[in-house]
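Here the structure comes first, spelled out in structure tokens, and everything after it is commentary.
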Amino acid sequence: MADKKKPTPKLDELEKGPWPSFVKEMKLSAETNVAAQDLLGILERSYDEKIGHWKHGGIVGVKGYGGGIIGRYNDIPQDFPEIAEFHTIRVNQPPGWFYSSDALRTLCDIWEKHGSGLTNMHGSTGDIIFLGTKTTELEPIFSKLTEAGFDLGGSGSDMRTPSACCGMARCEWACYDTLAAVYNITMTYQDELHRPAFPYKFKIKMAGCPNDCVASIARADMSIIGTWRDSIQVDKDQVTAYASGPNRDIARDIVGKCPSKCMGWDGKNLTIDDSNCVRCMHCINAMPKALAPGKDRGATILVGSKAPIIEGALLSSVLIPFIKIEPPYDDIKELIQAMWELWGENGKNRERIGEFIQRIGLGNFLEQIGLEPVPEMVSQPRTNPYVFYDIKKG
Amino acid sequence: MATEITTRKTDIGPPHYQKYLPPVIQKNYGKWKFHEILKPGVLLHVAESGDKLYSVRAAAPRLTSTKTIRLFAELADQFCGGYLRYTSRNNIEFLLTDEKQIAPLIERLKKEGYPVGGMGPSITNIVHTQGWVHCHSAASDASGVVKSVMDELFPHFEKMDLPGKLRIAFACCLNMCGAVHCSDIAILAVHRTLPKINKEALPKMCEIPTTVASCPTGAIRPKMTDGKQSVEIIEEQCMYCGNCFTVCPAMTLADAENDGLSIWVGGKVSNARHEPMFSKLAIPFIPNNPPRWPEVVAAVKNIVDVYAKNASKYERMGEWIERIGWPRFFKLTGIEFTKYHIDDFRHAGESYKRSTHLKHTPAEG
Ligand code: HEM
Ligand code: HEM
Ligand code: SF4
Ligand code: SF4
Ligand code: SF4
Ligand code: SF4
């Protein structure tokens, strides 16, 4: 193996300091991998020139799949031939990102043999990212991955790899089983995940409670966020224990910060008017031993969040205020399919479902997918009097 | 080095969700009672059965070598029966049942350069994108800026000394693969110059109607150039969003002199207390200055410091700013307010102040 290490004075600066260094990681791989050596070289060049050296991706993939691989070529292959082709492979992560050490080593074995040895653990959507390999390696990697029980994630205009918070595996606040649900949905829609046929990408993220540790309300076309209908569970003894701890000011820090102003504290007793609680989690976060979400648990389903491209950023908005999330998840799948059908047929090229809903109007969207409008879907009714009355429908 | 292809399975999906759960989790799945943060980076979960699970959270760079993954696997074997997980912010968590193993594990992680922390009212890992390491669209490098900022903010990772949680995110172009738009502090790389049209390549690589349609402001028009179908851009209408480049590779935006970074503040995704919010523009532009981007680091540090000093307990950046008002935020941070802070895209008017609710200060002197 030819040693192609070149000096990287600028990047070397980033080996210093207390935070783990990506340059150290790149050098670790570069000890035994020429592609990683060239990657260091091209990045140093970018640091010198303040410009990137990657070309717009090309279409590459494995047989029978339309997504999961992102083609990547550099624009100075004469200088960096080992990374002339340097494609990304997205591998569907185990739900909740739990691993055994053996599983990790198996992934490493595959990737060291067939790629750069560099990864992202994990990419923004949740996938394991294998960063950089040649076209000829794609099929061998794919068959070894599936042999080891792993499959590709999504890319392009498909259902992107769904993701979930750790949920019931390690969180007492999970209001539904995020891991079971995300696994079931992922398995149900393997075709939609692997073969892009939508107007644009479609992301599903599942968070077990309103803390939303997977940022679903900001990053998913469909956000399924756990919540409860009955009363917050209160352990009175633990409330007392909390109150007697150091630097504790329940009136100021908990009651005073309740967004619904539905809590009271008289120095001894904590009261909660659950009918006015907006299930924000603040008091529960602050007193995890004393308070817990209620027992009648389910989720709120919201749709449409996205980053700015194209028409501006959106947060997801409420579609179903409360629903039980239980196997076999038929009601959720019916909803997903109704949305896909409508958007698939009427969405414009590169129009996310959030933008589609804004274009046709949430009211029309609901009508088409067969949902009744309810006041929970809006922060307030319209103020604009230009109403498209439809007297034929009544 | 093409290799033999063995069997070919498709559509098997990810591993089953129970496959890699440690026995203590299998046993207590859905039966956790409460948790507490024992110290920065160490979380204790207690199950109804009385079983205890300790999670030790360590910083990991998102760009990781398989050799480091092997190290993590080895540590998991040595200290916790071979089980670990990653968090949604690229940290690594070791899942222990033996309390006595916590201290030696932390010791070892520190020695290897993967410090423990990032829980509670702290700054945890910055979620970020590819940058110059791997993307064609990047206006800066993601990993380098993130490393530089975290080196500076590192004390807030190891301690829990902030009023509330502070989440930072980085994206290297407006595509925002990390969807950074709901972070306490978002660092967003931006292009500021017109797409450069490659006359030779465009007719071969791009479909004209698709390219024209890709522009959200209608700035692209078809135009015959040297007898070939091409396009032109109406300069005043371009907002450097890069949409055209996404569909047409022959319209590049990268520009060494004019690309750089912007800083946004006050977003959040959690529903705790205030509803989720977008981040808002604080600093429109800071030039790229690799390898350590000192101006960006200083700007972020300043915002963190002012927040740490002034916010009340539990208040996130955006909640604090809402309470004190934006004029005071700009005053306290010393950041200049410019015309770029005023929106002029689709829903611009919604951010204009339409009341007289203003906090005045008496005239000086
Ligand atoms: C129009 C908008 C977008 C475009 C055109 C776009 C394009 C791209 C491209 C070209 C890459 C490849 C980078 C590389 O070569 O490694 C990439 C990576 C990625 N993008 Fe996007 N992206 C967009 C928005 C988003 C959003 C909003 C998200 C997630 C919330 C996202 C998630 C990802 C992920 C997970 C990766 C893989 C690597 C990473 O995590 O950085 N993308 N995107
Ligand atoms: C002390 C109680 C809490 C515990 C034990 C906890 C647990 C966690 C865990 C385990 C993760 C990683 C999630 C994953 O990778 O699946 C996480 C991430 C996160 N948590 Fe929490 N959480 C707590 C409170 C909160 C609160 C109060 C908020 C909001 C105010 C919050 C917001 C978040 C966010 C935003 C993330 C990261 C999501 C992202 O990637 O952007 N959490 N939390
Ligand atoms: S979203 Fe809620 S249930 Fe899920 S890990 Fe975060 S705090 Fe726990
Ligand atoms: S969950 Fe939120 S709204 Fe409900 S009582 Fe607690 S702090 Fe108030
Ligand atoms: S944010 Fe932009 S530059 Fe960065 S990885 Fe995504 S598409 Fe590429
Ligand atoms: S960068 Fe954006 S605004 Fe400018 S021409 Fe391209 S698509 Fe239009």
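What ranking of A:Asp191, B:Asp77 emerges when the number of other C-beta atoms within 10 Å of each C-beta is taken as an exposure proxy, fewest first?
Listing A:Asp191, B:Asp77 from fewest to most nearby Cβ atoms yields A:Asp191, B:Asp77.
Grab every C-alpha pair in segment A:144-203, bin the distances at 10 angstrom width from 0 up to the longest one, and report whole percents.
22, 40, 30, 7
Once Lys and Arg get +1 and Asp and Glu get -1 on their Cβ, which of A:Tyr183, B:Thr252, B:Trp264 lies farthest toward the positive end of the dipole of the protein assembly as shown?
B:Trp264
Nearest 5 percent is fine: what portion of the DSSP beta bridges confined to chain A is antiparallel?
Expressed as a percentage, antiparallel bridges in chain A total about 80.
Just need log10 I(q)/I(0) for segment B:278-357 at q = 0.14 Å⁻¹, Debye formula, equal scatterers on the alpha-carbon atoms, no solvent, rounded to two decimals.
These q points yield log10 I(q)/I(0) values of -0.57.
Using a simple spin-label model with points 7 Å from Cα along the Cα→Cβ vector, what separation in nm is obtained for A:Arg248 and B:His347?
Spacing of the two 7 Å Cα→Cβ label points: 4.1 nm.
I want the local charge near A:Ser101. Using Cβ-Cβ distances under 12 Å, sum +1 for each Lys or Arg and -1 for each Asp or Glu among the other residues.
Net charge in that neighbourhood comes out at 0.
What are the extents of the Cα atoms of segment A:192-323 along their three principal axes, in Å, largest first?
Principal axes ranked by extent give 59, 28, 23 Å for the Cα atoms.
Two decimals is fine: what's Rg over Rh for chain B, C-alpha atoms, Kirkwood radius as Rh?
Using only Cα positions, Rg/Rh for chain B is 1.03.
List the aspartates and glutamates whose Cα lies under 17 Å from the Cα of B:Lys313, skipping any in the same chain that are fewer than 8 positions away.
The reachable aspartates and glutamates, counting only those whose Cα sits under 17 Å from B:Lys313, are A:Asp249, A:Asp253, B:Asp161, B:Asp184, B:Asp305, B:Glu322.
Between B:Lys39 and A:Gln238, what is the FRET efficiency for a Förster distance of 22 Å, r being their Cβ-Cβ separation, to the nearest 0.05?
That gives a FRET efficiency of 0.60.
Using a cut-off of 15 Å between beta-carbons, work out the net charge of the residues near A:Asp230 (Lys and Arg +1, Asp and Glu -1, A:Asp230 not included).
Net charge in that neighbourhood comes out at +2.
Check each of the chymotrypsin sites (Phe, Trp or Tyr not before Pro) in segment B:219-315 and keep only those in coil by DSSP with at most 14 other C-beta atoms within 10 angstrom; list them in order.
none
From the cross-link list A:Lys268/B:Lys301; A:Lys306/B:Lys33; A:Lys24/A:Lys55; B:Lys39/B:Lys309; A:Lys16/B:Lys39, which pairs have alpha carbons spaced over 29 Å apart?
Checking Cα-Cα distances, A:Lys268/B:Lys301; A:Lys306/B:Lys33 exceed 29 Å.
If you line up the Cα atoms of segment A:110-214 on their principal axes, what length do they span on each, largest first, in Å?
Projected onto its principal axes, the Cα set of segment A:110-214 covers 45, 32, 22 Å.
Which residue, chosen from B:Pro155, B:Ile37, A:Val234, occupies the Cα position most advanced towards the positive end of the dipole of the protein assembly as shown, where the dipole is computed from +1 (Lys, Arg) and -1 (Asp, Glu) charges on Cβ about the Cα centre?
A:Val234
How large are Rg and Dmax for chain A when only the alpha carbon atoms are used, in Å?
Answer for chain A, Rg first and Dmax second: 24.9, 77 Å.
Just how large is the dipole of segment A:218-366 about the Cα centre, in debye to the nearest 20, putting +1 at every Lys and Arg Cβ and -1 at every Asp and Glu Cβ?
460
Using a 10 Å cut-off on Cβ atoms, rank the peptides A:213-221, A:271-279 from the highest mean neighbour count down.
In descending order of packing, they fall as A:213-221, A:271-279.
At R0 = 30 Å, how high is the FRET efficiency between B:Arg328 and B:Lys159 if r is their beta carbon distance? Nearest 0.05 is fine.
Computed FRET efficiency for B:Arg328 and B:Lys159 comes out at 0.65.
Quick one: B:Trp32, A:Trp173, fewest Cβ neighbours within 10 Å first, how do they rank?
Least to most surrounded, the residues fall as B:Trp32, A:Trp173.
Specify which residue in the list A:Gly208, A:Ile254, A:Ser244 is farthest towards the positive end of the charge dipole of segment A:204-329, using unit charges on the beta carbon of Lys, Arg (+1) and Asp, Glu (-1), about the Cα centre.
It is A:Ser244.
Roughly how large, in nm² to one decimal, is the mean projection of the convex hull of the alpha-carbon atoms in segment A:2-129?
9.5
Once fully extended, how much extra length lies between A:Ala148 and A:Ile360, figured as 0.36 nm per residue of separation less the alpha-carbon to alpha-carbon distance?
That works out to 71.8 nm of additional length.
Give me the percent relative contact order of segment B:195-347, please, defined on Cα pairs under 8 angstrom at least 6 residues apart.
Relative contact order of segment B:195-347: 17 percent.
Between segment A:315-357 and segment A:365-394, how far is it from one alpha carbon centroid to the other, in angstrom?
Value for the Cα centre distance between the two parts: 17 Å.
Please work out the ratio of the alpha-carbon Rg of segment A:47-86 to 2.2 N^0.38 Å and round it to two decimals.
1.39
Considering chain A as a Gaussian network with a 10 Å cut-off on Cα pairs, which listed residue, A:Glu25, A:Glu192, A:Glu49, attains the greatest mean-square fluctuation?
A:Glu49
From Cα pairs below 8 angstrom and at least 6 apart in sequence, can you work out the relative contact order of chain A, rounded to a whole percent?
Relative contact order, chain A: 11 percent.
Only Cα pairs under 8 Å and at least 6 apart count here; give the relative contact order of chain B as a rounded whole percent.
Reported relative contact order: 12 percent.
Please provide three numbers in whole Å: the alpha-carbon extents of the protein assembly as shown along the principal axes, with the largest listed first.
That gives 80, 68, 67 Å along the principal axes, largest extent first.
How big is Rg to Rh over segment A:246-394, alpha-carbon atoms, Rh as the Kirkwood inverse-mean-distance radius?
Rg divided by Rh gives 1.07.
Averaged over every viewing direction, what's the projected area of the C-alpha convex hull for segment B:119-159? Give it in nm², one decimal, please.
The directionally averaged projection comes out at 3.0 nm².
Please arrange B:Lys147, A:Lys24 by counting, for each residue, the other beta carbons lying within 10 Å of its beta carbon, fewest first.
A:Lys24, B:Lys147
When DSSP assigns beta bridges and you keep just the ones with both residues in the protein assembly as shown, what percent turn out antiparallel, to the nearest 5?
Antiparallel bridges: around 85 percent, rounded to the nearest 5.
Relative to the Cα centre, what is the charge dipole magnitude of the protein assembly as shown, using +1 at the beta carbon of each Lys and Arg, -1 at the beta carbon of each Asp and Glu, and rounding to the nearest 20 debye?
Charge dipole, the protein assembly as shown, about its Cα centre: 940 debye, nearest 20.
Just so you know, all these numbers are worked out from the coordinates, no wet-lab data involved. These numbers were taken from a predicted model, which means no experiment stands behind them. Glycine also receives a Cβ, built like all others from the backbone with ideal geometry; neighbour counts cover every protein chain displayed.
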